[in-house]
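Engineer: Take a look at this one; I'll ask things after.
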Amino acid sequence: VMTEEDGRIRRFLEKPSWGEVFSDTVNTGMYIIEPSVLSLMEQGKSYDWSGDIFPQMLAEGRPLYGYTLGEYWTDVGSLDEYRTSQYAFLAGDTTLPIDGTENEPGVFIGENTLVDAQARLIAPVRIGDNCRIKAGAVIGPDTVIGDNCLVEFDAVIEKAILWDSVYVGRKATLNACVICHHTTIKDNAEVQEGAVIGDRCQIGEGATIRTMVKLWPDKVIESDALVTNSLIWGAKANAALFRGLGVSGIANRELTPDFATKLGASFGAFLKKDATVVTARDGHPASRMLKRGILAGLVSVGCNVIDAEAMPLPLARFAVRSNAAQGGINIRIDPDHPRNALIEFFDKNGIYITKNAERKIETIYFREDYGLADMEEVGAIEYAARSVEQYTQEFFAHIREKDIERRKFKVVVDYAYGRISTVLPVILGRLGCEVISLNAYSDTNRAPKNASEREALIYNLSQVVTTLRADLGVIIHSDGERIALVDENGVALTGAKLLATLSSMVSQTRPGAKVAVPVTAPSVIEQVMRRTNGVVARTKTDARFLMTQASHPAEKIVMAGDMDGGFLFPELQPGFDGLFAFVKTLEMLSWLQRPLSEFAEELPPILLAAQTVRCPWDTKGSVMRQLTEESLADTEKRTDLVDGIKITEGEKDWALILPDAADPVFHVYAEGATQEKADSRAAYYADKIAAMLRD
């Protein structure tokens, strides 16, 4: 645009070549016109201002003026320019004010935003209102974060633009990209330079979005996926709500009150009108929030609710049966993913619903195929009465109370900040035990969230047991479901060793007894059970199958246990119960009149190995097919397909290849006559899977 001194435009040329450039001013596309200019246009015909109208006005000598501004200007006609303009804004190239308080040069923080002291902000950075930046996160330089965003521990965000309500998971990496509203970037995901993620997308754990890739809104990228092309059509909804033992997701991001209400209505529609459902939760505020949404959904379709409020999981399972309910729902923080909430669904026996039931609930949910009840048919909500009393009464009906009293055990109990601290002390007091209590109050924020935190508690428990010369110690964790023991010498019994020890004790107190264990359990269990003509039933690794098998009276199972400290005794209930498992241990010790250490020490060596191999979701099936065909063709080895592919050579040497139900990985388990053989066998099959993936 060439102008006179008074601003009158002398020459106007749209998008000139360099040979036509005679001025350093441009048309920014903002116009103020007199109404008479509209007379130059015919109704119903399209016009271009700079290509049609302005040249005509100049030709007719009409007054056309330009106002020259010396401020910053850029043509945001591309996504790269959009990001560049943000960088210029942060650099102070414009006169526009930057919202927020400048805590240090170039770092602007909005209202009610909390930045952990161990987070690192590299100027220039602008963070909006109501955000949370966790420890170890690195933000900047040249980063803009909108309102209501959450950045988890050790995430790295550089030269990226985040809109409002974005979630960035642990150790995720965002570099020179744009993330739009309400998008979730999960742990260890990577979004590379120039990528743009639309509204409401979900990027799975470990996924990589390559350079310049564009994702249109509402896309779901699976864990460990590699996205190299832009995705426009075919928004991929979650193939399944249920993963693992229930519905798990980031609390108040993926699992919202609206979601919970719809999910509760779907479960209620599955059970039919007038069904009774028991609901319970842990002590976390997010669990309370989700439970109230579920309550609303259940009663909206005509189901009645017995609300057990905050109750340990074993007691919640028991309440389903004692109240003759048709189902139950428990909400807690996911023990495997502490940022997630976990919603678990139970059948009338208080055990996990079947896979078939899960699929039916998913169908109802996605189709929204639940009919709301008439106002007069809305379900009732009542609170569980005498639940603890009923549980305790039935509890004592299945133990030898006097035998335990006579032994006068001195025990150390670590409650792991769980809700059982309100129940177990009463039971142990009635049994005449001298109890030293640790962490005996409910605090979901301090409860152990991973294996290393549990190991730290076990180590401390061991020190207390030996110092006070107690008979044994126990830690009861995972909302009362799971246990680990420490013998009188301070030796910890966990995992396979704990399972084998309790199996041995059952075999000696109940000769000929039957126990159920997963296919991953060591063959040592068969050895100890055979000493008294006992029987071992092998089940799938999923806890629901262990519970289902134990719930059938015809199976006559005395005890069932897994490799993570979960134990059940069907005489009380067919679900994991850490309280009853511990007291049953005391009962067996009092009956056998021996210290706990002797049962562990007399076990044969347990020689196990395990490896994990990552595998894309879409190739899991082909890998399983190849492995199955190869193993069945080898007549010198025995192949079992109970859960995954178990290949056995001889009496003790076996390997199990098990695809993970929730994550894109294969688990390889092995046992050998020596530890070297077990390690070698696990490595062999892990390498075999890796080779198949390369091919």
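What follows is calculated from the coordinates using simple rules that are stated; it is not laboratory data. No experiment lies behind these values; they were computed from the predicted model shown. As a convention, Cβ positions derive from the backbone with ideal geometry for all residues, glycine included, and neighbour counts pool all protein chains shown.
Engineer: Could you check the simple spin-label distance between residue 389 and residue 675, using points 7 Å along Cα→Cβ, in nm with one decimal?
Structural biologist: That separation, rounded to one decimal, is 5.4 nm.
Engineer: Okay, next question. At a Cα cut-off below 16 Å, give the lysines reachable from residue 134, other chains included and same-chain residues fewer than 8 away excluded.
Structural biologist: Correct list for residue 134: 171, 186.
Engineer: Okay, moving on. What nm distance separates the two modelled labels at residue 48 and residue 437, each placed 7 Å from Cα along Cα→Cβ?
Structural biologist: Reported label-point gap for residue 48 and residue 437 is 8.0 nm.
Engineer: So, one more: Between residue 324 and residue 60, what is the spin-label point distance in nm, taking each point 7 Å from the Cα along the Cα→C-beta axis?
Structural biologist: A separation of 9.0 nm, rounded to one decimal place.
Engineer: Loop only by DSSP, 14 or fewer other Cβ within 10 Å of the Cβ. Give me the chymotrypsin sites (Phe, Trp or Tyr not before Pro) in region 395-489 that pass, ordered by residue number.
Structural biologist: Values: sites: 395, 396, 409, 415, 417, 441, 459; in loops: 409, 415, 417, 441.
Passing both the DSSP loop test and the Cβ count: 441.
Engineer: Let me ask another. Run through the DSSP bridge list for region 247-371 and note the antiparallel percent, rounded to the nearest 5.
Structural biologist: On the way: 11 of 22 bridges.
Counting only bridges with both partners in region 247-371, antiparallel ones make up about 50 percent.
Engineer: How much FRET efficiency would the formula 1/(1 + (r/R0)^6) give for residue 396 and residue 348, where r is the Cβ-Cβ distance and R0 is 22 Å, rounded to 0.05?
Structural biologist: Computed FRET efficiency for residue 396 and residue 348 comes out at 0.35.
Engineer: With Rg and Dmax of the Cα atoms in Å in mind, check [x] 32.3, 113; [y] 43.6, 162; [z] 30.9, 99 and report the label derived from this structure.
Structural biologist: [x]
Engineer: To continue, here is another question. Work out, step by step, the length gained on full extension between residue 11 and residue 130: first 0.36 nm times the residue separation, then minus their alpha carbon distance; give nm to one decimal.
Structural biologist: So the extension gain works out to 37.8 nm.
Engineer: Could you pull out every one of the aspartates and glutamates with an alpha carbon less than 19 Å from that of residue 620, ignoring same-chain neighbours closer than 8 positions?
Structural biologist: Residue 620 reaches 205, 222, 224, 542, 629, 630, 640, 643, 660, 663, 687, 695.
Engineer: Right, next: Could you tell me the relative contact order of region 360-460? Use alpha-carbon pairs under 8 Å, at least six residues apart, and round to a whole percent.
Structural biologist: Numbers: 74 pairs, mean separation 23.7, N = 101.
After rounding, I find 23 percent.
Engineer: Can you give the relative contact order of region 509-664 as a percent, counting alpha carbon pairs under 8 Å and 6+ residues apart?
Structural biologist: Across region 509-664, relative contact order equals 18 percent.
Engineer: About its Cα centre, what dipole magnitude does the chain give when the only charges are +1 on Lys and Arg Cβ and -1 on Asp and Glu Cβ, stated in debye to the nearest 20?
Structural biologist: Details: 74 positive and 97 negative charges, 575 e Å.
Dipole about the Cα centre, nearest 20: 2760 debye.
Engineer: Per DSSP H run of n ≥ 4, the term is -39500 (n - 2.57); total these for the chain, divide by its residue number, and report the mean residue ellipticity at 222 nm rounded to 500 deg cm²/dmol.
Structural biologist: One gets -9000 deg cm²/dmol as the mean residue ellipticity at 222 nm.
Engineer: Please identify every one of the GluC sites (Glu not before Pro) in region 535-629 that sits in a loop by DSSP and has no more than 10 other beta carbons within 10 Å of its own beta carbon.
Structural biologist: Within region 535-629, no GluC sites (Glu not before Pro) qualify (loop, at most 10 other Cβ atoms within 10 Å).
Engineer: How large is the dipole of region 542-695 about the Cα centre if only Lys and Arg carry +1 and Asp and Glu carry -1, each at its Cβ, rounded to the nearest 20 debye?
Structural biologist: Values: 15 positive and 27 negative charges, 40 e Å.
Dipole about the Cα centre, nearest 20: 200 debye.
Engineer: If you take every DSSP beta bridge whose two residues both sit in the chain, what share of them, in percent to the nearest 5, is antiparallel?
Structural biologist: Here the antiparallel bridges make up roughly 40 percent for the chain.
Engineer: Report the full-extension gain for the segment residue 446 to residue 691: residue separation times 0.36 nm, less the Cα-Cα distance, to one decimal in nm.
Structural biologist: 83.9 nm
Engineer: Okay, next question. Taking a cut-off of 22 Å between Cα atoms, list the lysines near residue 348, but don't count ones fewer than 8 places away on the same chain.
Structural biologist: 262, 272, 273, 291, 360, 540, 556
Engineer: How large is the charge dipole for region 608-694, taken about the Cα centre, if only the Cβ atoms of Lys, Arg (+1) and Asp, Glu (-1) carry charge, to the nearest 20 debye?
Structural biologist: Numbers: 11 positive and 16 negative charges, 40 e Å.
It comes to approximately 200 debye.
Engineer: Taking the Cβ of residue 434 as the center, what net charge do the other residues with Cβ under 15 Å away carry, scoring Lys and Arg +1 and Asp and Glu -1?
Structural biologist: +3
Engineer: Defining a contact as two alpha carbons under 8 Å apart and six or more residues distant in sequence, what relative contact order in percent does region 79-227 show?
Structural biologist: 13
Engineer: Let me ask something else about it. Considering only 341, 98, 137, whose Cα is most displaced toward the positive end of the charge dipole of the chain, charges sitting on Cβ of Lys, Arg (+1) and Asp, Glu (-1)?
Structural biologist: Of 341, 98, 137, it is 341.
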